[in-house]
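The block underneath contains the structure these notes are about, expressed in structure tokens.
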Amino acid sequence: MSSSSPVPAPLEYAPRASDRPARGFRVAFWAATAYCAILAALLALYAVQLRQIRMFLLFLPTYDAFRRLFLIDLALPAVFAIANVLPAIAYFRAARGRAPRGLIVAYCLIQSILMTTHFLIVCYLFARSPHDYQVAPGRYASIGVPGSALVRTLILNAFLTLPMLALLIPRVRRACLARG
């Protein structure tokens with residue numbers, strides 16, 4: 001009498017290991033993992049600057065929409081970087097024969113929303129710059145966002161969404177969005 005249970009037969013519609021280019025997904029997984037590691041290192045460097053800027057912004061009134069949006073603008077690159085874990089997980093699953101489609105679609109949706117939100121916030125901050133605020137009775141200061149921030153935001157968004165930009169390559173898009 002054997003103690004092992006019988007292995008269930010795979011479902012008819014389940015993807016077979018030979019249906020997916022597993023080697024390509026393994027390479028994509030390691031590339032995405034390296035990309036996430038680079039973003040994590042950059043995020044650690046960014047956190048030091050972010051802490052100093054946050055301390056500066058604490059002097060602005062709490063009801064001020066400019067201050068709130070400025071803080072959100074500073075935090076969004078970290079959210080972009082964290083969301084880049086989704087393609088790495090999708091590639092890992094795909095290398096094991098699972099369909100990456102669901103995670104890739106969720107990643108594209110999340111990154112699209114983040115890019116749009118980030119750009120709209122920077123546009124608002126640019127339109128309202130320079131922003132004057134009172135630091136003490138009779139003393140005022142101003143803070144602003146230059147017009148070049150709009151271009152820098154687009155470049156930053158492109159860098160932070162490289163896995164999504166890789167979907168512009170037809171072969172990558174077909175492999176990632178195939179219905180398993």
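Size descriptors for the chain: radius of gyration and Dmax over Cα atoms are 22.4, 90 Å. How far, in degrees from 0 to 90, does helix 148-160 lean away from the longest principal axis of the Cα atoms of the chain, to the nearest 10? Approximately 20 degrees, to the nearest 10. Seen from Tyr124, the other residues with C-beta closer than 15 Å to its C-beta sum to a net charge of +1, counting Lys and Arg as +1 and Asp and Glu as -1.
Between segment 28-49 and segment 136-168, the alpha-carbon centres lie 19 Å apart. Positive-end ranking of Pro77, Val105, Phe159 along the dipole of the chain, with charges on Cβ about the Cα centre, is headed by Val105.
Placing +1 on the Cβ of every Lys and Arg and -1 on the Cβ of every Asp and Glu, with nothing else charged, gives segment 115-180 a dipole about its Cα centre of roughly 420 debye. Once the Cα atoms are used to define both axes, helix 85-95 deviates from the longest principal axis of the chain by about 10 degrees. Of all segments of the chain bounded by chymotrypsin sites (Phe, Trp or Tyr not before Pro) found in a DSSP loop with no more than 13 other C-beta atoms within 10 Å, the longest spans 64-180. Taking the Cα centre of the chain as origin and assigning +1 to Lys and Arg Cβ atoms and -1 to Asp and Glu Cβ atoms, the resulting dipole is close to 560 debye. The C-alpha radius of gyration of segment 38-144, expressed as a fraction of 2.2 N^0.38 Å, stands at 1.42.
Hey, what's the Kirkwood Rh for segment 118-165 if you take every pair of different alpha carbons, in angstrom?
One over the average 1/r among Cα pairs gives 12.3 Å for segment 118-165.
Note on segment 19-95: Cα-only Rg and Dmax are 17.7, 58 Å. In this rough spin-label picture, where each label sits 7 Å from Cα along the Cβ direction, the Arg128-Leu71 distance is 1.3 nm. Net charge dipole, segment 41-139: roughly 380 debye, given to the nearest 20, about the Cα centre with Cβ charges of +1 for Lys and Arg and -1 for Asp and Glu. A DSSP coil position with no more than 15 other Cβ atoms inside 10 Å describes the following trypsin sites (Lys or Arg not before Pro) in segment 132-180: Arg179. Can you tell me the 0 to 90 degree angle between the C-alpha axis of helix 65-83 and the longest principal axis of the chain, rounded to 10? Helix 65-83 sits at roughly 20 degrees to that axis.
Values in this text are rule-based calculations from the coordinates and carry no lab data. Bear in mind that the values here come from a model prediction, so they are computed numbers and not experimental data. Methodologically, a virtual Cβ is constructed for each residue, glycine included, from the backbone with ideal geometry; neighbour enumeration extends over all protein chains shown.
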